[in-house]
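Nothing in this text is a laboratory measurement; each read-out follows from the coordinates by a stated rule. Values in this document were obtained by computation on a predicted structure and should not be read as measured data. For neighbour counting, all protein chains shown are included, and Cβ atoms are generated from backbone atoms with ideal geometry for every residue, glycine included.
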Amino acid sequence: MTNKKFYTGIGSRQTPPNVCLLMTKLALVLYKFNYILRSGHAEGADMAFENGASEKADIYLPWKLFNNSNSNLYVITPKSLDIAKQIHPAWNKCSQYAKLLHARNVYQILGNDVKTPSDFVICWTPNAKIVGGTATAINLAKQHNIPVFNLADVHIQNKILEYVECF
């Protein structure tokens, strides 16, 4: 068991700019409380969180140099592929590229050892639906009873905004 505190910051590549700004501000606040971000260096939400988390971030990549990231967390194991396969509803229809992206999401939720769940997930998906690549991470979080806060829900967004404005 670890004493470290982790959160997962993820979401759509189409996350609106105002929400990306909120994600960066939230990551700055969580950084001050020694939370370590887990994310995946995709455009949009992932990079917004990464911008605020500074060096307190575990950035999981589907392959080396994904989106020009220099993170060394890019090894996809058979275990993470198996977990992603169990979650994804149409695994056999996924390309090898897509399978690596989904397996990377497993680490974002469960850590590099796939045994250390994040404390919570903050994300943005269109209409707060469980869709896209983020769906794998959200569904895995739900299986592990990890709270998921989707900033596309206006009530959640407003609560987070109130929280961030206190700092």
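Below is a table of values for the structure above.
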{"item": "Debye intensity ratio I(q)/I(0), log10, region 112-167, q values 0.27, 0.29 Å⁻¹ (C-alpha model)", "result": "-1.08, -1.15"}
{"item": "Counted charge near residue 134, where neighbours are those whose Cβ lies closer than 10 Å (Asp, Glu -1; Lys, Arg +1)", "result": "+1"}
{"item": "Approximate shape of region 5-165 as ellipsoid semi-axes (Cα gyration tensor, √5λ), whole Å, largest first", "result": "23, 17, 14"}
{"item": "Gaussian network model of the chain, springs between alpha carbon atoms under 10 Å - residue of 109, 36, 156 with greatest fluctuation", "result": "156"}
{"item": "Local electrostatic count at residue 113 - Lys and Arg +1, Asp and Glu -1, tallied over other residues with Cβ under 13 Å", "result": "+3"}
{"item": "Cβ-based net charge around residue 33, under 13 Å, with every Lys or Arg adding one and every Asp or Glu removing one", "result": "+3"}
{"item": "Length-normalised contact order of the chain in % [C-alpha pairs under 8 Å, at least 6 apart]", "result": "24"}
{"item": "Region 5-165, dipole about Cα centre (Lys/Arg Cβ +1, Asp/Glu Cβ -1), debye to the nearest 20", "result": "400"}
